[in-house]
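The values are calculated or read from the model by the stated rules, or taken from the named source; none is laboratory data. These numbers were taken from a predicted model, which means no experiment stands behind them. In this analysis, Cβ positions are derived from the backbone assuming ideal geometry, glycine residues included, and neighbour counts consider all displayed protein chains. Calculation scope for accessible area: heavy atoms of the full protein, side chains included, ligands and nucleic acids excluded. Shrake-Rupley method; radii C 1.70, N 1.55, O 1.52, S 1.80 Å.
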2 protein chains.
Amino acid sequence: MTQQQAVARKATHINGLDAQAAFETIAAIKADKSLARFQFRARNRWISGGENRSTIRDFYGAGREDTSRASAFEFTNGEPPVLLGNNEGANPVEFLLHALAGCVTTTFVLHAMARGIEVRALSTELEGEIDMQGLLGLDESVSPGYEQIRIRMHVEADCPGEELDDLLAYTQRHSPVCSTVCRPVPVVIERR
Amino acid sequence: MTQQQAVARKATHINGLDAQAAFETIAAIKADKSLARFQFRARNRWISGGENRSTIRDFYGAGREDTSRASAFEFTNGEPPVLLGNNEGANPVEFLLHALAGCVTTTFVLHAMARGIEVRALSTELEGEIDMQGLLGLDESVSPGYEQIRIRMHVEADCPGEELDDLLAYTQRHSPVCSTVCRPVPVVIERR
């Protein structure tokens, strides 16, 4: 990148996001709502015990199949010894926290950009409780999932605290993963 | 491992899980329900744009802080170019599919073990739709999360199809991530 290109790039980038591209995308979706429809996919293969591996590459969005990824992402689920595994990877409920942390962060930074707020630093800490009686089927009145998930967010940005609080409330209502966790989303499982 | 140890190990292992350890765990929980309480955690740091990274290591469970992991797991969220990124990693909604695939798989294999069913092979394919008008705040009537997630499961096991269908229905009701997605789970975000 030449210095001139770098300066031009910086002018349209806020929080590492291309503001011009974002506003063009929004204009395109307003003209044709079908461009907003995405389908995401994963393939997973059981290895042994609590170990299994996912492959993620293709998806559909913005009116076409995406071909931008030269190779697939691979992620391994595992379990710690106390849950009968050998720490082959983080476990599924921990990956859920990673997904939630990432989605809240990206949604916050995106809408900060839309409001012209420059974010200097952002980090989160998440924790959530699970009663394993649910998973084990020992008490059918116990929900097997997270009881609640708490996120502590640390933000440094050039704007008043009230504006950050407003942005945070907006983020919570508009984050895809947060919404998937907070609201009931149907999961249909079919055996083939 | 000696041949004798290997034979002894195999005798108590079904589907790669230590059946004896599992039944001992269940007996311990029945005697003291507080042992079933787990708290999982993640820390995440924003890098730039849609890129951020999680660190996962410690958790609380079975009555104590876990110290089994010699080092932390690290995972990077990213976004594809059509969502303003450079494919720095899979994106958060794709990591959610990985978490769901892994949890359904492990829950299935665990309860197959409890029923004495040996699973030879298990793989899943997941897909879910998201309308990005929700994330972008273009239409407040559009939910930002997944509309529905479909899982196709391929299982090879030594038992009749009806038993696998029953086990699959049981899995769906007892998987922690599936439950977190299917039911509303409160997410509390606090700025510090």
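Grab the beta carbon distance between B:Ser141 and A:Arg45, set R0 = 25 Å, and tell me the FRET efficiency rounded to 0.05.
Numbers: r = 38 Å, r/R0 = 1.53.
Using R0 = 25 Å, I get an efficiency of 0.05.
Show me the GluC sites (Glu not before Pro) within the range A:64-144 that DSSP assigns to loop and that have at most 11 other Cβ atoms within 10 Å of their Cβ. Show your work: numbers first, answer last.
Working: sites: A:Glu65, A:Glu74, A:Glu88, A:Glu94, A:Glu118, A:Glu125, A:Glu127, A:Glu129, A:Glu140; in loops: A:Glu88, A:Glu118, A:Glu140.
Passing both the DSSP loop test and the Cβ count: A:Glu140.
Under a Cβ-Cβ cut-off of 14 Å, what is the net charge of the residues other than A:Arg120 that fall near it, where Lys and Arg count +1 and Asp and Glu count -1? Let's see the in-between values first.
Numbers: positive: B:Arg45; negative: A:Glu118, A:Glu156, A:Asp158.
Around A:Arg120, the charge tally is -2.
Place a point 7 Å from the Cα of B:Arg150 along the Cα-to-Cβ direction; which residues of the range A:18-37 have their backbone N under 18 Å from it?
Output list for this probe position: A:37.
For the pairing of chain A with chain B, what total accessible surface becomes buried, with a 1.4 angstrom probe, in square angstrom to the nearest 100?
Working: alone 13960 and 13940 Å², together 16570 Å².
Rounded to the nearest hundred, the buried surface is 11300 Å².
Helix by helix through chain B, keep the DSSP H runs that span 24 Å or more along the axis on Cα and average at least 0.5 on Kyte-Doolittle, and give those back in order. Please list the in-between numbers first.
Working: long enough: B:92-114 (33 Å, 1.35).
Helices meeting the criterion: B:92-114.
Relative to the other copies, what are the label-point distances for B:Ser34, with labels 7 Å from Cα along the C-beta vector, expressed in nm at one decimal and sorted shortest first?
Here B:Ser34 shows inter-copy label distances of 6.0 nm.
Binning at 10 Å from 0, report for the protein assembly as shown what percent of all alpha-carbon pair distances ends up in each bin.
5, 24, 32, 23, 11, 4, 1, 0
If the reach is capped at under 14 angstrom between alpha carbons, list the aspartates and glutamates near B:Lys30, excluding any in the same chain fewer than eight residues apart.
Filter leaves A:Asp131, A:Asp139, A:Glu140.
Quantify how strongly other chains surround peptide B:147-153 by giving the mean number of their Cβ atoms within 10 Å of each of its Cβ atoms. Don't jump to the answer; show the numbers that get you there.
Working: counts 5, 4, 8, 5, 7, 6, 6.
If you average over the peptide's residues, the count of other-chain Cβ atoms is 6.
Cα gyration tensor of the range B:58-175, axes a ≥ b ≥ c as square roots of the eigenvalues: rounded (a/c below 1.5), prolate (a/b > b/c) or oblate?
Details: a/c = 2.25, a/b = 1.40, b/c = 1.60.
Oblate is the answer for the range B:58-175, as a/c is 1.5 or above yet b/c matches or exceeds a/b.
Taking each residue of A:13-19 in turn, how many C-beta atoms of other protein chains fall within 10 Å of its C-beta, and what is the average? Write down the numbers at each step before the final one.
Details: counts 3, 1, 4, 9, 7, 4, 1.
Rounded to a whole number, the mean comes out at 4.
List the residues, sorted by chain then number, that are 5 or more residues from A:His13 or on another chain and whose placed amide H is less than 5 Å from its amide H.
Placed amide hydrogens put A:Ala19 under 5 Å from A:His13.
Would you calculate a helix-derived [θ] at 222 nm for the protein assembly as shown, using -39,500 (n - 2.57) for each DSSP H run of n ≥ 4 and dividing by the full residue count, to the nearest 500? Could you put the intermediate results ahead of the total?
On the way: 12 runs with 142 residues, N = 384.
Estimated from H runs of four or more residues: -11500 deg cm²/dmol.
Put a point 7 Å out from Cα along the line to Cβ at A:Glu156; what are the distances to that point in the other copies, in nm, shortest first?
Counterpart label points of A:Glu156 in the remaining copies fall at 5.5 nm.
How many nanometers, to one decimal and shortest first, lie between the label point of A:Arg191 and those of its other copies, if labels sit 7 Å from Cα toward Cβ?
Spacings between copies for this position, smallest first, are 5.0 nm.
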